[in-house]
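Please treat every number below as a calculation from the coordinates, not as lab data. Worth saying up front: this structure is predicted, and the values here are computed from it rather than measured. Here Cβ is always computed from backbone atoms with ideal geometry, including for glycine, and neighbour counts include all displayed protein chains.
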Amino acid sequence: MLAGQMFLNGGSVEEVVEYLEVSLSSAKRWKRAVKEGGLEALKAKPHLGPKPRLDAKQKHQLVEILLAGPRAAGYANDFWTCQRVAEVVAKKFQVNYHHDYMGPMLHDLGWSCQKPEQRAREADDDALNRWRQEDWPRIKKGLAATAVP
């Protein structure tokens, strides 16, 4: 924008190059843009990317499918994976996405990664709490006493 102002005030390409320490090709490109469209031509233009292959209605339908659960979609357990979501999208909407893309798409739809908690069947909550409150502090103190300064 500063280069554009300089050009509008009668500055030369060489002055812009020297003052702003930019390349000659950039200064020439900016001068041409200002000449053709004024300072508006130098404003940043957003790059929106390609048009989404699923429209808003289809994404809403996908969320409904996800909320119904994987079993309702024909899977043997209750865990959605990106691979499974990509398969559902391909079957339901005839749109193929790579499973690596499904994570960002699901995040955009308000979903987050959820991993089932790994827990031993034999776990005894009372024993675990007692160990955390009594045994671990005692062990930690013992380790601190044997530490070399």
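Quick one: order W80, W136, W111 by neighbouring beta-carbon count within 10 Å, fewest to most.
Lowest count first: W136, W111, W80.
At a Förster radius of 41 Å, what calculated FRET efficiency corresponds to the Cβ-Cβ distance of A90 and K43, to the nearest 0.05?
0.55
Taking the number of other C-beta atoms within 10 Å as the exposure measure, put H99, H107 in order starting with the fewest.
So the ranking, lowest neighbour count to highest, is H107, H99.
Roughly what would the spin-label model give for L24 and D100, points 7 Å off Cα along C-beta, in nm?
4.2 nm
If you split all Cα-Cα distances of region 2-42 into 10 Å bins from zero, what percentages do you get per bin, shortest first?
37, 58, 5
I need to check one value: relative contact order of the chain, counting alpha carbon pairs closer than 8 Å and at least 6 residues apart, in percent.
Computed over the chain, the figure is 12 percent.
Mind listing the Cα extents of the chain along all three principal axes, in Å, largest one first?
82, 63, 19
7 Å from Cα along Cα→Cβ at both S12 and R71: what's the point-to-point distance in nm?
Roughly 8.1 nm, to one decimal.
For region 90-149, take the alpha-carbon Rg, divide it by the Kirkwood Rh, and send me Rg/Rh.
1.38
If one takes the longest principal axis of the Cα atoms in the chain, at what angle in degrees, from 0 to 90 and to the nearest 10, does the Cα axis of helix 136-146 lie?
Once rounded, the angle reads 80 degrees.
For region 50-93, how big is Rg over Rh, using alpha carbon atoms and the Kirkwood form of Rh?
My calculation puts Rg/Rh at 0.98.
Please identify every one of the GluC sites (Glu not before Pro) in region 11-100 that sits in a loop by DSSP and has no more than 12 other beta carbons within 10 Å of its own beta carbon.
Sites meeting the loop and neighbour criteria: E21.
Grab the beta carbon distance between K59 and M1, set R0 = 41 Å, and tell me the FRET efficiency rounded to 0.05.
Efficiency for this residue pair is about 0.60.
To the nearest Å, what is the center-to-center distance of region 113-128 and region 5-63, using C-alpha atoms only?
Answer, in whole Å: 55.
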